[in-house]
1. Exactly one condition in (1) out of contact with any strand residue (DSSP E or B) (no Cβ under 6 Å at 6 or more places or on another chain); (2) in a helix (DSSP H, G or I) is not met by His373; state its number.
2. Tell me which of these Leu237 doesn't satisfy, since it passes every other one: (1) at pLDDT below 95; (2) in contact with a strand residue (DSSP E or B) (Cβ under 8 Å, 6 or more places away or on another chain).
3. Identify, please: which residue in the stretch 364-390 is of a type in the set (A, V, I, L, M) and buried (at least 22 other Cβ atoms within 10 Å of the Cβ) and is, among those, farthest from Gly210 (Cα to Cα)?
4. Six or more apart or on different chains, Cβ atoms under 9 Å: show the pairs whose first residue is in the stretch 174-188 and more than 12 Å from His148 (Cβ to Cβ) and in the same structural domain as Leu384 (by TED's automatic domain parsing) and whose second is outside any loop (DSSP other than H, G, I, E, B) and among the hydrophobic types (A, V, I, L, M, F, W, C).
5. Restricting attention to the stretch 96-103, does a residue exist that is away from the ligand (no atom under 16 Å from the Cβ), in a loop (DSSP other than H, G, I, E, B) and of a type in the set (Lys, Arg)?
6. Which residue is surrounded by the fewest Cβ atoms within 10 Å (Cβ to Cβ), if the candidates are limited to the stretch 133-172 and must be at pLDDT 90 or above and more than 16 Å from the ligand (Cβ to nearest atom)?
7. Would a scan of the stretch 291-308 turn up a residue that is assigned to a helix (DSSP H, G or I), crowded, with 16+ Cβ neighbours inside 10 Å, within 16 Å of the ligand (Cβ to nearest atom) and in the same structural domain as Asp184 (by TED's automatic domain parsing)?
8. Being touching a Phe, Trp or Tyr at 6+ places or on another chain (Cβ under 7 Å) and either among the hydroxyl-bearing types (Ser, Thr, Tyr) or at pLDDT 95 or above (or both) is the requirement here; does Thr337 meet it?
Amino acid sequence: SPIEAAYREKTPGSAALAAEARELFPSGITHDARHLKPYGLYVDKAAGPIKWDVDGNDYVDFFGGHGALLLGHADPRVTAATQEAVAEGTQFAAGQRREIAWAKAVKRLYPAVERVRFTSSGTEATLMGLRLARDFTGKNKVIRFRTHFHGWHDHMTHGVASHFDGKSTPGVLGGVTDAVVLVDPNEPEQLKRVLAEDSDIAAAIIEPIGGSTGYTPLAPGFLAMLREETAKHGVLLIMDEVVSGFRLAPGGATEAFGVTPDLTSWAKILAGGMPGGAIGGRQDILDALDFDAAAAKGRDKIGHPGTFNANPVSAAAGTAALTIIAEGDACARANETGRALREALNRVIADKGVPWAVYGDFSIFHLFMQDGHPVADPFAFDPLSLPTVAMKDRPKELIRLLRLAMLVNGVDLNPACGGLVSSTHGTAEVDRAAEALSASIDMLRR
Ligand code: PLP
């Protein structure tokens with residue numbers, strides 16, 4: 001394809017490194033979402049909304065560090081705090097001031113959170129959330145919503161293999177996923193039926209912005225209804241705020257939607273661009289991790305080691321980022337740019353007359369293009385008007401070519417051609433994205 005040829009011509013350095021990587025890693029990659037044919041970009045450095053590949057090309061970055069970078073790349077204040085921490089030692093195998101400051105920064109933005117436990121990733125945070133819920137309720141199963149993603153541990157892998165069919169990924173013990181009850185989002189009656197008929201449900205876990213970072217949004221009121229129904233049945237609500245936390249608003253979905261869960265999982269923005277995650281919420285639930293509280297109940301505590309939990313470097317980066325978010329307008333700025341970007345891209349789509357739409361909320365955007373579901377007016381597109389299954393079969397090859405064309409035109413999107421906006425993106429980046437989309441559609445038509 002001419003688009004692929006143009007991409008190869010622009011990125012010879014990435015091609016060479018990809019060839020080396022294929023001899024080292026399965027598929028040459030270290031995260032499934034970085035898989036791109038013929039090969040993905042190799043990046044040398046990044047600042048604010050821009051990243052530079054190994055050939056020196058610059059790209060407006062909407063992949064956003066998989067969502068970790070609300071403040072853009074290499075924020076000078078976060079970088080300074082991180083450097084200071086690195087120079088003082090990265091691993092003490094002891095308590096340290098920075099983990100206390102970090103937890104206080106979380107609690108400042110989530111006042112309902114009583115206790116926090118840091119992990120090294122979002123996957124570990126949701127895994128611990130489920131374990132805490134089982135221990136607290138004495139029940140076994142968990143409700144997970146179709147299309148919702150919670151990491152790659154055994155209980156939640158069907159979010160990785162397929163966001164839609166509920167099958168687990170190969171290699172997982174069958175019994176584990178048997179304990180995960182897959183429920184369709186936006187189907188209150190189905191949820192109520194499951195809760196009424198199955199008395200063995202410990203928790204419901206949900207992405208409060210909708211499945212797959214909001215690709216399949218939640219209907220208004222669904223989250224509040226879930227809160228009410230779970231409470232009624234003694235089922236814990238775990239809001240997985242790994243993406244939405246500190247992004248929608250400083251206090252994440254809890255603040256933006258006014259729904260308070262029993263437990264919240266965080267990662268990404270939490271650690272200011274470094275590795276890190278956390279689970280937090282009610283003290284009586286997190287007491288299962290407390291030596292004395294568990295002993296007082298005459299039971300074992302939940303074990304939780306983890307060499308790099310709350311390491312000082314992630315703690316420093318995270319505290320700096322959360323403090324900036326608390327004291328500034330980073331979320332509001334990113335949200336406003338997100339709105340402007342969605343509008344600008346939809347204007348291009350309308351002008352070019354392609355049957356697609358860009359949609360989303362806050363600082364997040366998604367591209368809808370679907371065989372059998374042409375969009376007549378992108379400004380009137382409502383993803384909630386389609387059943388979840390209709391969101392399923394995307395035209396993969398067309399999306400791949402559009403993504404490559406956008407790279408050729410200087411814009412990096414996520415593998416579904418959506419993305420996330422940071423507080424450092426502004427009018428210039430919105431304009432560049434719109435111009436790139438216009439040029440890319442022309443390339444696709446050639
Ligand atoms: N939960 C959600 C909602 C996510 O989007 C992700 C990752 O993208 C995770 C959990 C897993 O987090 P991590 O990649 O840090 O393991």
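The values are calculated or read from the model by the stated rules, or taken from the named source; none is laboratory data. Computed from a predicted structure; not experimentally measured. Cβ sites come from the backbone with ideal geometry, for glycine too, and all protein chains shown count toward neighbours.
1. Checking His373 against (1) out of contact with any strand residue (DSSP E or B) (no Cβ under 6 Å at 6 or more places or on another chain); (2) in a helix (DSSP H, G or I), the one that fails is (2).
2. It is condition (1) that Leu237 fails.
3. Initially, the stretch 364-390 is screened for residues of a type in the set (A, V, I, L, M), giving 364, 367, 369, 375-376, 380, 384, 386, 389-390.
In the following step, the residues that additionally are buried (at least 22 other Cβ atoms within 10 Å of the Cβ) were identified as 364, 367.
Working: Ile364: 11, Leu367: 15 Å.
The qualifying residue farthest from Gly210 (Cα to Cα) is Leu367.
4. No pair meets every condition.
5. no
6. It comes out as Gly138.
7. Taking the stretch 291-308 first, the residues assigned to a helix (DSSP H, G or I) are 291-296.
Next, from what is left, pick out any that are crowded, with 16+ Cβ neighbours inside 10 Å: 294.
Narrowing the set further to residues that are within 16 Å of the ligand (Cβ to nearest atom) leaves none.
Checking the stretch 291-308: not a single residue is assigned to a helix (DSSP H, G or I), crowded, with 16+ Cβ neighbours inside 10 Å, within 16 Å of the ligand (Cβ to nearest atom) and in the same structural domain as Asp184 (by TED's automatic domain parsing).
8. Numbers: touching a Phe, Trp or Tyr at 6+ places or on another chain (Cβ under 7 Å): no; either among the hydroxyl-bearing types (Ser, Thr, Tyr) or at pLDDT 95 or above (or both): yes.
So Thr337 does not fit the description; no.
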